[in-house]
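Chemist: The structure that follows is given in the form of C-alpha cells.
The values are calculated or read from the model by the stated rules, or taken from the named source; none is laboratory data. Every value quoted in this text rests on a predicted model; they were computed, and no experiment measured them. Reconstructed Cβ throughout: ideal geometry from the backbone, glycine too, with neighbour counts over all protein chains shown.
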Amino acid sequence: MNLPMNQLQGKVVLVTGGARRIGRSISLALAAEGAKVAIHYRGSEAAARQTAEECGDAPVFQANLESVAEIRTMFHQVATHFGTLDGLVNNAARFTNFDPLTIEEADWDHIHSVNLKATFFCSQAAARIMLAGAGGHIVNISSLGGLRPWANHAHYCASKAGVIMLTKALAKAWAPHISVNSVAPGVIPFDKSDARIERLIKASPARRAGTGEEIAEAVLFFLKATRFTTGQLLAVDGGLSQL
Ligand SMILES: NC(=O)c1ccc[n+]([C@@H]2O[C@H](COP(=O)([O-])OP(=O)(O)OC[C@H]3O[C@@H](n4cnc5c(N)ncnc54)[C@H](OP(=O)(O)O)[C@@H]3O)[C@@H](O)[C@H]2O)c1
C-alpha cells in the first residue's frame, strides 16, 4: 500500500485547471513521464484541447468547481473513463485584489468557493475513489500568499492558508493510504508584469520569477514520493518566504 509512484508511467492523474499556465506545465510534465493525464478546465476549452493534444490526446473534463455536484460528476466521469485514479493535483484557483474594507460577501465567496471549498470537495471525491482502490497521492497548490500576509489580498491569503492546513489535516485523515502534500508557488508570471510583481521579484533572493516548469517539478516530486512523505509544504518561491 505504501509503494512510491516513482514510476508515473501509466498512472492516472487529474489536474484541475490543467489547460493553461501552471496547470498546463503540470499536465505536460506528467505526460512526459508517461502518466495518463486527465485535464480539467472550466472556460478554457480551446487551451484544454491544445494541452490535451500535446499530452498525447489526453481526455478533457469540463466542470465549474464552485458546484459540489459538478465536482462529483467530474470524478465519476474520470473514474469511469480510466477505471481508477492514482493522483490529483488541485491547481484551479482564483486571485483578486481588494482593500479588505471594501470586500463584499460575493467577493469573499468568489475566492473561497474555488480556492478552498473546491480543493476540499475535489480531495474528498478523489479519496473516495483512491480508498476503494490502491490508494493515491494528492497535491494541493497553495501559495506564498498562504504563508505571507498581503494586505490587499487578505481574502486570498486566508483561502491559501486554509489550503495549507487542509493539506495537513487530510494527510492525517487518510494516512497511510493517501499522501496529501502542498506546493506553494511564489511569483510565476505569465502575463505582462506590474509594479507589485516587479517589487516581489526585486525582493526575492533568487532575483527572478519562477516558471510553471519549476512548479511542475515540485508537484512531480510529491507524486513520485512514497506515502511516508505526507502533510508537507514545499515553497517554490526563489526564497521569498524565508525573508
Ligand atoms: N501564477 C502565480 O504567480 C501563482 C502564485 C502563487 C500561487 N499560484 C497558484 O497556482 C495555481 C495556478 O495558478 P495560475 O496562475 O497558473 O492559474 P490561475 O489563472 O490562477 O487559474 C488556474 C485555472 O483555474 C481554473 N478555475 C478558476 N475558477 C474556476 C472554477 N470556478 N471552476 C473550475 N476551474 C476554475 C481556470 O480554468 P479555466 O481557464 O479553464 O476557466 C484557470 O485556468 C493556483 O492555485 C494559484 O493560486 C499561482
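Chemist: Could you grab me the full set of residues in the stretch 42-58 that are surrounded by fewer than 21 Cβ atoms within 10 Å (Cβ to Cβ), part of a loop (DSSP other than H, G, I, E, B) and more than 11 Å from the ligand (Cβ to nearest atom)?
Modeler: Correct list: 56, 57.
Chemist: Could you tell me whether residue 134 is under 26 Å from residue 226 (Cα atoms), touching a residue at least 60 places away in the same chain (Cβ under 8 Å) and either in contact with a strand residue (DSSP E or B) (Cβ under 6 Å, 6 or more places away or on another chain) or crowded, with 18+ Cβ neighbours inside 10 Å (or both)?
Modeler: No: the conditions fail for residue 134.
Each row is one residue, and each column tells you yes or no for (1) within 11 Å of the ligand (Cβ to nearest atom); (2) touching a Cys at 6+ places or on another chain (Cβ under 9 Å).
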| residue | (1), (2) |
| --- | --- |
| 127 | no, no |
| 131 | no, no |
| 138 | no, yes |
| 188 | yes, no |
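Chemist: Same structure again: Any idea which residue in the stretch 131-157 is farthest from residue 8 (Cα to Cα), counting only those that are aliphatic (A, V, I, L, M) and in contact with a helix residue (DSSP H, G or I) (Cβ under 8 Å, 6 or more places away or on another chain)?
Modeler: 147
Chemist: Quick one: in the stretch 76-107, of everything that is part of a helix (DSSP H, G or I) and acidic (Asp, Glu), which residue is nearest to residue 13 (Cα to Cα)?
Modeler: Looking at residues that are part of a helix (DSSP H, G or I) and acidic (Asp, Glu), I get 107.
Chemist: Here is a check on your reading of the model: is residue 180 crowded, with 16+ Cβ neighbours inside 10 Å, at pLDDT 95 or above and away from the ligand (no atom under 15 Å from the Cβ)?
Modeler: yes
Chemist: Further question: Within the stretch 69-99, take every residue that is exposed (fewer than 12 other Cβ atoms within 10 Å of the Cβ) and not hydroxyl-bearing (Ser, Thr, Tyr) and give me the one that is farthest from residue 39 (Cα to Cα).
Modeler: Selected residue: 99.
Chemist: In the stretch 26-41, which residues are within 8 Å of the ligand (Cβ to nearest atom) and among the hydroxyl-bearing types (Ser, Thr, Tyr)?
Modeler: Residue satisfying the conditions is 41 alone.
Chemist: Restricting to the stretch 158-195, give me the number of residues that are in a helix (DSSP H, G or I), over 16 Å from the mean Cα position of the chain (by Cα) and small (Gly, Ala, Ser).
Modeler: Of the residues in the stretch 158-195, 4 are in a helix (DSSP H, G or I), over 16 Å from the mean Cα position of the chain (by Cα) and small (Gly, Ala, Ser).
Chemist: May I ask you to verify whether residue 73 is more than 16 Å from the ligand (Cβ to nearest atom) and polar (S, T, N, Q)?
Modeler: Answer is no for this residue.
Chemist: May I pose another question? Name the pairs whose Cβ atoms lie under 7 Å apart, with the first residue in the stretch 199-215 and farther than 22 Å from residue 24 by Cβ, the second surrounded by fewer than 19 Cβ atoms within 10 Å (Cβ to Cβ) and among the hydrophobic types (A, V, I, L, M, F, W, C), and 6 or more positions between them or separate chains?
Modeler: Listed pairs, sorted by first residue: 203/243.
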